[in-house]
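What follows is one structure encoded as structure tokens, with my remarks underneath.
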Amino acid sequence: MDTVPSQEELRLALHLDEVDIEDLVEVLVSYFHGARHESPREIAFPNDGEAKLTLHFSKDLRRCDYATAAPDLTDAAIAEIAAKVQDEVVYSTGTRCGTVVLFSLERVTGSWRYEDRLQLRPLPEASPRPPVLYADHPLLVDFTYRGSSDLHIDVGRRQRAATRWTQRLNLLLRPGVESMDDSAHHQWVVVQDELGQAHSEYLQIGYMPVGLTFSPDAVPPFVPPALERTNADAYYAEQGTRLEPMKLPTSLEQSIAGIEGLPAEVLLRFDRAAYWFYCARHLVREHSLMAVALGAAIEAMFEPDPSAARCPTCNREMHRPTARFIEFMSANLTSDDGASARDLFADFYGLRSRPAHGHVFDSDFVPLPAFTPSRLGEEEQVRTLFTYVQIALVNWLEAQRVRDVPRSEEAATPAV
């Protein structure tokens with residue numbers, strides 16, 4: 001006679017400590033033909049009738065703490081689910097390759113390759129390109145990910161890998177990269193007819209390369225010329241763009257190696273920081289929101305402090321945000337005057353705090369350009385904060401990598 005499995009038995013059967021939650025939910029939705037939220041922290045399967053299997057999540061909703069099963073979920077059904085999780089999630093069909101079109105203010109006229117896992121390259125010659133220099137220029141990024149025999153899981157992994165590498169490269173490259181909204185979004189645009197008369201049309205945004213071919217089994221071969229390189233110190237200190245072909249910092253390979261060497265929890269913090277920096281990059285016309293996003297990028301890097309006081313209601317850590325912001329920036333940016341640097345970083349955190357608590361910068365609030373001291377000062381501070389946050393995050397990444405490399409390699413690594 002079947003017995004109700006224990007939480008430990010379900011943990012082992014579902015590989016809760018090994019799998020990505022997105023993959024696990026996809027498998028269970030496929031098996032039970034649906035799912036529903038029983039509460040903000042519970043997903044039940046199927047989507048109607050009595051729940052056969054329920055996943056119970058942590059308070060931050062990032063982790064599945066345990067699973068429970070209904071009495072009528074048979075041992076045979078659990079074994080079938082376990083086999084499906086093993087075959088489609090735990091077991092990999094091998095390394096797969098994805099390609100995504102990104103956009104940058106600088107043209108990509110050559111290629112760069114990191115081993116057999118990541119590549120930047122130009123689009124085929126027949127693909128559309130903007131007729132002006134100051135524009136969103138398309139480029140291709142090839143990346144690898146862990147394949148699955150299930151199509152939906154495989155597509156999900158490819159999309160997550162594309163998003164993560166877009167945000168990471170945006171942090172590591174200047175003037176950054178961005179993806180295009182792929183949700184069939186429409187916008188009003190001005191177009192000209194055959195007589196040269198302008199009018200408006202509501203059109204779907206999108207970009208379709210011409211002549212692009214690739215294999216899902218391997219990153220395409222490197223095609224010269226190689227992208228030009230430049231000293232990392234000068235690269236990250238420069239603001240804006242000169243509208244020249246894209247160059248890469250000499251430290252890029254070391255930065256990628258640093259990302260790949262991060263433990264899972266630390267990588268999660270770094271990727272959250274990269275997400276906020278991505279937001280800041282593309283809020284360039286909204287200085288108030290840009291400052292908030294830049295502050296969040298650094299706050300995402302704060303390590304848990306077991307000695308910190310906790311909120312009696314939600315048990316969340318009550319950390320010292322201003323002090324920790326100053327500590328992180330000071331630790332990852334060199335300065336001849338430590339006291340002056342700490343004062344500067346305190347001012348920067350105040351810059352972030354004003355819009356976070358309701359203030360709007362004049363550069364956003366005043367409808368017309370105005371050469372007022374407050375407007376010009378805020379814009380300059382935000383641009384400087386942007387540069388410092390990028391350098392601090394890149395330097396932090398290099399520091400993590402250096403901890404685990406032989407001294408000979410460390411000495412040959414260019415600092416940022």
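Please compute the length gained on full extension between Leu268 and Ile21, using 0.36 nm multiplied by the number of residues separating them and subtracting their Cα-Cα distance.
87.5 nm
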Relative contact order %, the chain, counting alpha carbon pairs below 8 Å whose residues are six or more apart: 13 percent
All Cα pairs of segment 95-239, percent lying beyond 24 Å: 40 percent
Isotropically averaged projected area of segment 158-307, using the convex hull of Cα atoms (one quarter of hull area), nm²: 14.1 nm²
Spatial separation of Cα centroids for segment 1-34 and segment 116-167, in angstrom: 32 Å
DSSP loop trypsin sites (Lys or Arg not before Pro) with at most 10 other Cβ within 10 Å excluded, longest remaining stretch of the chain: 63-284
Fraction of beta bridges assigned by DSSP in the chain that are antiparallel (%, nearest 5): 95 percent
Residues whose placed amide H lies under 5 Å from that of Ala70, excluding near-sequence neighbours: Leu53
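Averaged across orientations, what area in nm² does the convex hull of the alpha carbons in segment 7-90 project?
Result: a mean projected hull area of 4.9 nm².
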Candidate values (1) 101, 66, 43; (2) 95, 46, 46; (3) 79, 62, 55, label of the one derived for Cα extents along the principal axes in Å: (3)
Segment 95-239, relative contact order in percent, only Cα pairs under 8 angstrom and at least six apart counted: 33 percent
Sequence of Tyr91, Tyr388, Tyr66 once ranked by neighbouring C-beta atoms within 10 Å, starting from the fewest: Tyr91, Tyr66, Tyr388
Where Rh is the Kirkwood radius over Cα pairs, Rg/Rh for segment 50-160: 1.20
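Rank the residues His56, His186 as a footprinting-exposure proxy: fewest other Cβ atoms within 10 Å of their Cβ go first.
Ascending number of Cβ neighbours within 10 Å: His186, His56.
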Reachable aspartates and glutamates, given that their alpha-carbon falls under 13 Å from the alpha-carbon of Lys84 and they are not under 8 places away in the same chain: Asp23, Glu26, Asp150
Among Ala51, Ala198, Ala69: highest mean-square fluctuation, GNM of the chain, C-alpha pairs under 10 Å: Ala198
Fewest-first sequence of Asp362, Asp182, Asp48 by Cβ atoms within 10 Å of each Cβ: Asp48, Asp182, Asp362
Gaussian network model of the chain, Cα within-10 Å springs - most flexible of Leu102, Leu73, Leu294: Leu73
Placed amide H near His137: partners under 5 Å, 5+ positions off or other chain: Ser104, Leu105, Glu106
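I want the local charge near Arg11. Using Cβ-Cβ distances under 15 Å, sum +1 for each Lys or Arg and -1 for each Asp or Glu among the other residues.
-4
Rule-based calculations on the coordinates, nothing more; no lab input. All values reported here derive from a predicted model rather than from experimental measurement. In this analysis, Cβ positions are derived from the backbone assuming ideal geometry, glycine residues included, and neighbour counts consider all displayed protein chains.
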